[in-house]
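Worksheet: the structure to be examined is printed underneath.
The values are calculated or read from the model by the stated rules, or taken from the named source; none is laboratory data. What you are looking at is a predicted structure, and each value in this text was computed from that prediction instead of being measured. Here the Cβ positions follow ideal geometry from the backbone for every residue, glycine too, while neighbour counts run over all protein chains shown.
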């Protein structure tokens, strides 16, 4: 029996949400969700998405049909939470402004920051996170790998493909 089947059986049969088996299943599901969201959401949103998904699983566990596979049910909830977070992230424009705003010569820096944010928004979340950590924040590829949960090779691939896409978009808009 797979982990998913065990989790589904447990959720369908549990009457005490405080039981150790139920708690252990939620911890296992949490670990799976962390991996699920690692390549789908920016690092800053992963923990919130995991917590919201776990809450939704807990609140909707009565709707799970034990005769059906658990994995698609869980992925359905997780995918909806992912979409919610991606929508929310597009509403929150995050542009880092320079600290020296008193300097009358900051228009170029502000314009560059806004343009960079717009270009980065065209990338997949995993590419955004890898580029942000390595190229903007100055982390090593190994440190970025640890922070994102991506392999070192995947971090390098995401940086390479992301920068190529940014260059392509910048050429088209120039």
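Entry remark, segment 1-30: residues being closer than 30 Å to residue 144 by Cα, modelled with pLDDT under 80 and either in a loop (DSSP other than H, G, I, E, B) or within 19 Å of the chain's Cα centre (by Cα) (or both) number 0 in total.
Looking only at segment 118-138, residues that are closer than 14 Å to residue 43 by Cα and in contact with a helix residue (DSSP H, G or I) (Cβ under 6 Å, 6 or more places away or on another chain) come to 8 in all. Quick check on my filter: what residues within segment 146-161 are modelled with pLDDT under 90 and part of a helix (DSSP H, G or I)? Within segment 146-161, 146, 147, 148 meet the criteria.
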